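Take a look at the structure below.
The values are calculated or read from the model by the stated rules, or taken from the named source; none is laboratory data. These figures come from a predicted structure and were not determined experimentally. FYI the Cβ positions are ideal-geometry reconstructions off the backbone, even for glycines, and counts take in every protein chain you see. Please note that ligands, DNA and RNA were not included when accessible areas were found on the heavy atoms of the full protein model with its side chains. Shrake-Rupley method; radii C 1.70, N 1.55, O 1.52, S 1.80 Å.
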Amino acid sequence: MSSKQPLPEQFRAIAPGRVNLIGDHTDYMGGLALPMAINLATTITASRGGSRIELTSEQLEGTLDLPLPASNAHLASPSWGRYVAGVAAELGSRLGFVGRVSSTLPLGSGLSSSAALEVATALALGDSGSPFEIAVRCQRAEQLASGVPCGIMDQLAITSATLGNAMLINFSDNSVTNVAIPEEAQFWVIHCGQERKLVGSAYGERRAQAEAAAALLGPLPQADMISINALADPLLRRRARHVQSECERVKEFAAALANSELDQCGRLMLQSHASLRDDYEVSTPTLNSLVMQLCTTPGVFGARVTGAGFGGCVVALADPEVELEGWRVSPSAGARVEWLS
Ligand code: GLA
């Protein structure tokens, strides 16, 4: 159904995906991570106006036709429209848009395609908050749409990124510090061939286990290994050990990257992968064999699963001369709006 009002303001809202270089399953525990926005993005091209959102997708089936103000976002159809509806509901938007969404990001791969859609929607709806405020609204939209208790890393990385930099994020206060990517460091994203879905995954269960460990020990990023190793429950011990050690690795990685110590970065990536595999148990045999294969490839410094795990992509750090089968990614600017008329 078309809006009857004139729709003069044509715009493009562009939101990049992100690859997390190191620091997974730490954001919701107040820890550290080092994500980087990438040169693959989701774009909404639309005209603002009317009291509904009408959106078609170039990659996905169906048209979203959403009356505003939005309610019951988790029931919107088609299912990709739930993220759009979640943002509209969070913003309480009454002024909509008509347009289409397209993406160069592989969907459902651990590169934050859903967060990119949320942030592009927020900008399309005229959200003019700070990068943190927009990220909070989009995180809530993701939780509303998917029912998954995700952290804020993806949305904050997408709203806060600057060209040429990764970001060291401290989730105890959500502060963002730029970390320049040296020219001799080339990051690659490689899909393992297994689709990654957070809905129905053990993400919520892992978060609950880490929170149970924190209830006994206090904030896990600051917990000491002696107390962690003294935990009676071996499962909580492993979950806590991952969060604590991963935050330490993020600090070491940020320092090594700033000094172009790429061998050291690679070693830390591999240690991170082992921790996500053995202590946090979010890897899969397919991801593990891809990481092992990459680590024995000449010119590759290291590799690890990136994002939540349970399938999707790995990130590899390589010499710029090396060619791998995947996406050669570069540090990109954050989300933005371009006016076309
Ligand atoms: C998903 C979530 C993030 C974060 C990562 C794991 O991408 O959306 O908040 O928890 O998993 O690091």
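Do you know which of the residues in the stretch 22-49 that are in a strand (DSSP E or B) and away from the ligand (no atom under 16 Å from the Cβ) is nearest to the chain's Cα centre (by Cα)? Show your work before the answer.
First pass over the stretch 22-49, keeping only residues in a strand (DSSP E or B): 32-33, 35-48.
Next cut, away from the ligand (no atom under 16 Å from the Cβ) only: 39, 41, 43-48.
Values: ASN39: 14, ALA41: 12, THR43: 16, ILE44: 19, THR45: 22, ALA46: 24, SER47: 27, ARG48: 27 Å.
The qualifying residue nearest to the chain's Cα centre (by Cα) is ALA41.
Restricting to the stretch 311-341, count the residues that are over 26 Å from GLY164 (Cβ atoms) and surrounded by 13 or more Cβ atoms within 10 Å (Cβ to Cβ). Walk me through how you get there before you give the answer.
So the first thing to find is which residues in the stretch 311-341 are over 26 Å from GLY164 (Cβ atoms), and the list is 311, 340-341.
Narrowing the set further to residues that are surrounded by 13 or more Cβ atoms within 10 Å (Cβ to Cβ) leaves 311.
So the answer is 1.
Of the residues making up the stretch 299-310, none is assigned to a helix (DSSP H, G or I), buried (at least 23 other Cβ atoms within 10 Å of the Cβ) and at pLDDT 95 or above.
The condition of being touching an Asp or Glu at 6+ places or on another chain (Cβ under 6 Å) and either more than 12 Å from the ligand (Cβ to nearest atom) or farther than 22 Å from SER128 by Cα (or both) holds for only one of CYS192, CYS150, that being CYS150. Of everything in the stretch 153-170 that is over 20 Å from GLU252 (Cα atoms) and β-branched (Val, Ile, Thr), the residue that is nearest to the ligand (Cβ to nearest atom) is ILE158.
For every residue, the table says whether it meets (1) part of a loop (DSSP other than H, G, I, E, B); (2) in contact with a His (Cβ under 9 Å, 6 or more places away or on another chain); (3) more than 23 Å from THR306 (Cα to Cα).
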residue: SER93; (1), (2), (3): yes, no, yes
residue: GLU118; (1), (2), (3): no, no, no
residue: LEU123; (1), (2), (3): no, no, yes
residue: GLY126; (1), (2), (3): yes, no, yes
residue: GLN139; (1), (2), (3): no, no, no
residue: GLU142; (1), (2), (3): no, no, no
residue: PRO149; (1), (2), (3): yes, no, no
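The number of residues in the stretch 248-265 being crowded, with 17+ Cβ neighbours inside 10 Å and outside any helix (DSSP H, G or I) comes to 1.
Considered as a group, the residues in the stretch 14-63 that are within 17 Å of THR121 (Cβ to Cβ) and without any contact (Cβ under 8 Å) to a residue 40 or more places away in the chain include one that is most open to solvent (accessible area, probe 1.4 Å), and that residue is THR63.
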